[in-house]
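Undergrad: For reference, the structure I am asking about is given below.
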Amino acid sequence: MNNDKKISISIGASRWSMQWTQTTMLWSELCDRLKTPVRTEETVEEYHKMKKADKGKLKDIGGFVGGTLSGLQRKAINVTGRDLITLDLDSISPGDTDHVVRTVDSLGMAYAIYSTRSHTEHRPRLRVVVPTDRTMTVDEYEPIARKLASLIGIGMCDGTTFEASRLMYWPSCPKDAQYVFHYGDKRFLSADGMLGLYDDWHDVRSWPQVPGHEASQRERQLLAKQGDPKTKHGIVGAFCRVYNIREALDEYLPHAYTAVEGSADRLTFATGSTVAGAVIYDDGQFLYSHHNTDPGGGQLVNAFDLVRLHKFHDLDETAKDGTPVHKLPSYTAMSKLVMQDNAVVAELNAARAQESAQNVFADLIQKEEKGKQEITDLNPNALTDVEWMKTSTLRYDDNGRVKPTLDNMLKILVHDQALSGRVAYDRFASRYVAKGALPWNMTPGTRLWTDADDAGLRWYLENKYEVTGRDKVQDAMIMCAEQNGFNEVLDYLNSLKWDGIERLDKLFIDYLGAEDNVYTRAVARKSLTAAVARAFEPGCKYDTMPILIGRQGAGKSTLIRTMGKKWYADGLSTFEGKEAAENIQGKWIIEAGEMAGYTRAEENASKQFLSRQVDVFRQAYGRRTQEYPRRCVFFGSSNQYEFLKDITGNRRFWPVDIEAQKPTKNVYVNLPGEVDQIWAEAVVRYKNGESLIIEDNEAALKIAETAREAHMESNSKQGLINEFLLQKVPKNWNTMSRSARRTYLTMGSHTPDEDLEYRDRICAVEVWYECFGQDPARMKKVDTREINQILMDSPYTEGGSKVMRFGEYGKQRGFKINQEKAEKAV
């Protein structure tokens, strides 16, 4: 290479590296390294089908920054100089690879171009590396890089490629990818010459922008994602309510920025080389700095974070990437600093006091239940009200104090205005709940009764009525809750009135595009009617589960979730033990998602779980085991076509393929408005005696059996083995040697048909040797289990496995062959 020079770059093992090695090498040596990519085992097609995270792992084989770094982290503020301009060209038009190469070459400068891992001829993606004739400062780098990009075609560039700390991966590609590499042995690009193309390169406003990624537009997009910093909780919100950006600069950073003449919303980072690169937004609530050497550069910051980064950014040097801001050392240091600011401390305490007052005295949401309004407002007067005691039948001791009896405690719970109607039993969920705010917990709405509520109730009774007794308080709570028992699902269903328009049968057809047949209609009708039946008759017989099969994003889970309303649940972690039984309490419609991910054992466990009508376990607050009749039904979903693994017990599953046709209704737009009417119709079907099985409909049953068989997980060996079982053999087969059997099976024979018959037995090692031609000595347990499972599932075997004699194979566990079925199959 005629034009060569030493360059300095920083090399890291991956994009997450905390150690970047400064390396000096010849430009020609870097070109040699970029010339040959690391090729990996996947194909281009396989690579493009991978998830983003998997692609990221493959391409991250390490890389380089085209300059030197002073710290451990790859940040713009740590870049001390740049010897290379590096550009990501990710928006090249199809087929324009050669055009880009010609354009770069025509500029008459030294360069190297290489393709990325994602590059194809139809979707070109290239990296351009250009050495300059001298080391560029950090402030010079971006205007030079942007000007060069404008000469090549800035519209092809990634909007963030101009960062001084930008990493370039070492080249890699799939094994069959076309790798592109070109270089130009020409003069090095003049850094001063590029800067001279500007009237004033220091002015950030004059720098070329990527169309669609202009600085103001990008920053507005960031602003749209930000909330008002003044509304933030804690110390950050307090600081931002006291100080906006300009006020924080005046108080904490008076010399960090200078004003830009004629531009009220622009500032210049005082110790940088460029001007007008900091922009103030939203009436001083945010600042975005384009200055590469600004500690707060490249990010939208509020007043708190601006001061934090300027004063304490160096403390975060060793923090791991992804560390939450509130856990950074700089945040801790800033918090300590701010706590010395009397104005901020006063604001923080005022906010805490205001929040506390709102929680204690806020009116709670009012509810209607069974035609009468509940008490839902808890005000200070309720805490001190004792008027009810004057007319009550409370019993008192000789000193005039309320006796700590169970009856007295129950009366207090019933009549005290801060407690009355707020302790209840959710009969649907089989759980005790708090309905509304309580003196020790002002959370509005219905919530689960907890140990903290037990403690709070004891505290309240002790302080107001001077009665104590842990067991009696708990007994009183249970009795009061039973008196206030309710069932939300039953109340909901009883409140519905059907308009007479049939929607139920076509639920999966209209909203998911399932095939319109008697089976699909029956599954929709019976599964939702079963949900109604379980609400009216907990524990009624119903042990089946519809499974919706189709691509991800087609609306399967959305439909189930929408129909389940607030009583929907998904993601059962287990089908076994007390945990499974407890997890379904309070849920009406439960989705078993992605059935294809279940193991055979999990699938079998799910079948047993579905069959239960009653769960038995000891509930919290219970002293003994109780029965909890099932109040829920289950729906399954799968993105995979084959998900059933065990041929036995599949009658419990009703597979329904979606998208057989275009849906006529939108599950997101139309279904929420029809949910109540669909349930109303299901209530009518239930009351009219709708059966919960499809076995009483021969046409639907036949389609169901076909659907179950179609969704069985296939095994390529299954077909080979079944065909092997149908092959006739000589009548003396059981006494023939193994070698004679193999000869017969591979070479054939002239044995008359009348001397042939179907086998009467079969074992795994026989299949391994005679069907697959494998050495029995090399047969592993996993092979035996797999073949035995196929034999057990075969339509031509009968009964379970038994130990029998198999000629030279000796005694083996095998299966009897049903010769009548074999004959019919042929």
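Undergrad: Residues of the stretch 521-562 being farther than 16 Å from Phe643 by Cβ, in contact (Cβ under 8 Å) with a residue 12 or more places away in the chain and out of contact with any Phe, Trp or Tyr (no Cβ under 9 Å at 6 or more places or on another chain), which ones?
TA: Across the stretch 521-562, the qualifying residues are Arg525, Cys540, Lys541, Tyr542, Asp543.
Undergrad: What about Trp654, is it touching a helix residue (DSSP H, G or I) at 6+ places or on another chain (Cβ under 9 Å), surrounded by 18 or more Cβ atoms within 10 Å (Cβ to Cβ) and either part of a helix (DSSP H, G or I) or without any contact (Cβ under 8 Å) to a residue 40 or more places away in the chain (or both)?
TA: Taking the combined requirement at face value, the residue does not satisfy it.
Undergrad: For Thr40, state whether it is out of contact with any Gly (no Cβ under 7 Å at 6 or more places or on another chain), at negative phi and of a type in the set (Val, Ile, Thr).
TA: yes
Undergrad: Something else: Among the residues of the stretch 570-584, which ones are at pLDDT 80 or above and surrounded by 19 or more Cβ atoms within 10 Å (Cβ to Cβ)?
TA: Matches in the stretch 570-584: Ile584 only.
Undergrad: Now for a different question. Tell me, yes or no, whether the stretch 112-119 has at least one residue that is farther than 26 Å from Val275 by Cα, polar (S, T, N, Q) and either buried (at least 19 other Cβ atoms within 10 Å of the Cβ) or assigned by TED's automatic domain parsing to the domain that holds His291 (or both).
TA: The answer is yes; a qualifying residue exists.
Undergrad: Let me ask another. Just name the residue that is nearest to Leu701 (Cα to Cα) out of those in the stretch 481-522 that are surrounded by fewer than 20 Cβ atoms within 10 Å (Cβ to Cβ) and among the aromatic types (Phe, Trp, Tyr).
TA: Top of the filtered list is Trp498.
Undergrad: Moving on to the next point. Can you tell me which residue is farthest from Phe269 (Cα to Cα) among those in the stretch 226-253 that are in a helix (DSSP H, G or I) and of a type in the set (Phe, Trp, Tyr)?
TA: Phe239
Undergrad: Still on this structure, I have one more. Please note which strands (runs of 3 or more DSSP E) are completely contained in the stretch 1-108 and include at least 3 residues that are touching a residue at least 60 places away in the same chain (Cβ under 8 Å) and surrounded by 13 or more Cβ atoms within 10 Å (Cβ to Cβ).
TA: 6-12, 38-40, 63-65, 67-69, 79-89
Undergrad: Tyr668 fails exactly one of the following numbered conditions: (1) closer than 16 Å to Val523 by Cβ; (2) hydroxyl-bearing (Ser, Thr, Tyr); (3) not in a helix (DSSP H, G or I). What is the number of that condition?
TA: (1)
Undergrad: Taking the condition of being over 18 Å from Val433 (Cα atoms) and either in contact with a Leu (Cβ under 8 Å, 6 or more places away or on another chain) or surrounded by 13 or more Cβ atoms within 10 Å (Cβ to Cβ) (or both), how many residues in the stretch 446-469 meet it?
TA: So the answer is 7.
Undergrad: Test Arg146 against the stated conditions and say whether it is among the basic types (Lys, Arg), part of a helix (DSSP H, G or I) and either closer than 26 Å to Pro295 by Cα or out of contact with any Ser or Thr (no Cβ under 9 Å at 6 or more places or on another chain) (or both).
TA: So Arg146 fits the description; yes.
Undergrad: Further, regarding this structure: Please give the helices (runs of 4 or more DSSP H) falling wholly within the stretch 361-470 in which 3 or more residues are modelled with pLDDT under 90 and either more than 39 Å from the chain's Cα centre (by Cα) or under 22 Å from Glu482 (Cα atoms) (or both).
TA: By residue number, 380-384, 451-465.
The values are calculated or read from the model by the stated rules, or taken from the named source; none is laboratory data. It should be emphasised that the depicted structure is a prediction, and the values quoted were computed from it without experimental measurement. Virtual Cβ from ideal backbone geometry, glycine too; neighbours counted across all protein chains shown.
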